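For reference, the structure is listed below as structure tokens.
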Amino acid sequence: MNLNLKGLLAIAAVLCAANVKAQDYVITTKGDTIHCKVFSTFWSTKYRLNDNDPGKKIDSDEIIEYLDTKNNYLVRAVYPEGKKKREYYYTKLKGAITIYEERIQNGWYTEKIWYFSKGTDTVYKLKFNTLGGKSRDVRKNKLGEMFKDDSEVYEKYLYDNKFTFDQILSLVKQYNKNHPTTI
């Protein structure tokens with residue numbers, strides 16, 4: 001009988017865990033996490049605490065990160081290299097090295113620009129599918145510098161000599177696996 005009770009409790013725990021859904025949140029510049037509902041209007045992104053709340057605009061001076069589960073993205077306010085005001089970028093991959101993505105809609109075409117950071121809120125332009133910006137060699141060298149403390153990843157980076165979105169993502173995932181963080 002005791003064994004059956006333990007089995008039923010285990011099944012109940014699994015079923016409850018399966019029904020738990022991720023919840024939207026915002027993290028303030030003071031470090032407070034507020035569970036809420038994140039939603040977008042035509043002009044801005046807002047969060048509200050309940051259905052009767054009209055919502056408060058998400059602003060990088062007050063909110064450093066938010067999760068929108070409906071649209072499945074995590075957004076963080078970071079400092080682009082050389083700028084003094086935080087800007088919001090989508091978090092593509094989070095870890096010891098974090099990759100962010102900026103999306104710029106130009107008519108039917110979406111520009112995709114990747115940034116990266118390692119241990120800081122300052123992000124550096126890494127890869128983009130448009131013209132302009134720092135030379136490819138400068139960006140490749142900057143990424144290589146981030147890998148130098150992991151000989152396995154660094155050697156693979158040099159050996160493959162590729163700078164594609166897929167290759168960068170693969171190498172950063174491997175680096176992050178070798179260097180777990182609690183971010």
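Scanning for something surrounded by 10 or more Cβ atoms within 10 Å (Cβ to Cβ), under 19 Å from the mean Cα position of the chain (by Cα) and closer than 22 Å to Leu171 by Cβ, does region 54-77 turn up at least one residue?
Here is the first cut: in region 54-77, the residues surrounded by 10 or more Cβ atoms within 10 Å (Cβ to Cβ) are 55-60, 62-71, 73-77.
Now restrict to residues that are under 19 Å from the mean Cα position of the chain (by Cα): 58-60, 62-71, 73-77.
Pick out the ones that are also closer than 22 Å to Leu171 by Cβ and you get 74, 76.
Checked region 54-77: at least one residue is surrounded by 10 or more Cβ atoms within 10 Å (Cβ to Cβ), under 19 Å from the mean Cα position of the chain (by Cα) and closer than 22 Å to Leu171 by Cβ.
Each residue in region 159-177 was checked for being in contact with a helix residue (DSSP H, G or I) (Cβ under 7 Å, 6 or more places away or on another chain) and either at pLDDT below 90 or over 14 Å from Leu93 (Cβ atoms) (or both), and 2 of them qualify. Tell me whether region 133-142 contains one or more residues that are in contact with a Ser or Thr (Cβ under 7 Å, 6 or more places away or on another chain), exposed (fewer than 14 other Cβ atoms within 10 Å of the Cβ) and at pLDDT below 95. Looking through region 133-142, none of the residues is in contact with a Ser or Thr (Cβ under 7 Å, 6 or more places away or on another chain), exposed (fewer than 14 other Cβ atoms within 10 Å of the Cβ) and at pLDDT below 95. For region 23-42, check the following and say yes or no: at least one residue is within 28 Å of Val78 (Cα to Cα), modelled with pLDDT under 90 and either surrounded by fewer than 10 Cβ atoms within 10 Å (Cβ to Cβ) or out of contact with any strand residue (DSSP E or B) (no Cβ under 9 Å at 6 or more places or on another chain) (or both). Yes; the residues of region 23-42 include at least one that is within 28 Å of Val78 (Cα to Cα), modelled with pLDDT under 90 and either surrounded by fewer than 10 Cβ atoms within 10 Å (Cβ to Cβ) or out of contact with any strand residue (DSSP E or B) (no Cβ under 9 Å at 6 or more places or on another chain) (or both). Among the residues of region 165-179, those that are free of Cβ contacts under 8 Å to residues at least 12 places away in the same chain and either of a type in the set (A, V, I, L, M) or open to solvent by less than 80 Å² (accessible area, probe 1.4 Å) (or both) comprise Gln167, Ser170.
The values are calculated or read from the model by the stated rules, or taken from the named source; none is laboratory data. Please read all numbers here as calculations on a predicted model, not as lab measurements. In this analysis, Cβ positions are derived from the backbone assuming ideal geometry, glycine residues included, and neighbour counts consider all displayed protein chains. In case anyone asks, the SASA skips ligands and DNA or RNA and just uses the protein heavy atoms, side chains included. Shrake-Rupley method; radii C 1.70, N 1.55, O 1.52, S 1.80 Å.
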